[in-house]
Amino acid sequence: MKILSLVILICSATVVLGTRPARTIPLKWGILAFPGFVGLDAYGPLEILNIAAFGTPNMTLSIVAETMDFVPAHITNPTSGALTWVKPTYTIDQDPPLDVLLIPGDPGIGVTYDYTKIIAYVKRTYPKLKYIMSTCTGARILARAGVLDKKRATTNKWAWTEIVASGPKVKWVPCARWVVDGNIWTSSGVTAG
């Protein structure tokens, strides 16, 4: 919920803080999709962003993946396969212009997907972003890309040991539902707040 609250806050209007100049809201949002991503981590924020985009001129929502093929969400029953799929609007090689990138979680423990290309994309894209966010175990990708090095962050508590091991230079915060460190937002899960 904290990530959803941030999305609503950022998208609601231009913010004026005292004598500071007005800040413009980020208009170019991307959600990273990879096989086995947790649907709720992507679809919840995507729905809020869809609503915000309805009343926000020039706001764009993009799904970024390795290829333009449909991407299966988390499979909870290996015998029945994925029930939800998402169609990307860009590939990671197209390098779409984004203000914000949201990285959803994966199943957490025992993940066998090769994130090499996704990690490289996050690493080269992060410096161009206004904000980067992860929900749940999506912090693993941020950690492996080096984005969280020397930063405070949190992640899903069920997969805590495995995710923390993926980022030994991260200042992991175990008793937090969400952590904000500069322009990096991490949460324990999409429903963490």
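The values are calculated or read from the model by the stated rules, or taken from the named source; none is laboratory data. Because the structure is predicted, anything quoted here is derived from the model rather than measured. Ideal geometry is used to build each Cβ from the backbone, glycine not excepted, and the neighbour counts take in all protein chains shown. SASA here: full protein model, heavy atoms, side chains in, ligands and nucleic acids out. Shrake-Rupley method; radii C 1.70, N 1.55, O 1.52, S 1.80 Å.
Its residue count N sets the reference 2.2 N^0.38 Å, and the alpha-carbon radius of gyration of region 113-193 equals 0.98 times that reference.
Distant-in-sequence amide contacts of K151, defined by a placed amide H-H separation under 5 Å and a gap of 5 or more residues or a different chain, comprise K171. Label-to-label distance, T161 versus T56, with points set 7 angstrom from Cα along the beta-carbon direction: 4.0 nm. Pairs of Lys residues in region 39-163 that lie 8 or more places apart, or on two chains, and have C-alpha atoms under 22 angstrom apart add up to 9. Ordering 117-128, 152-163, 91-102 by mean Cβ neighbour count within 10 Å, with the highest value first, yields 152-163, 91-102, 117-128. With protein chains left intact and a 1.4 Å probe, residues in region 21-142 average 47 Å² of accessible area per residue.
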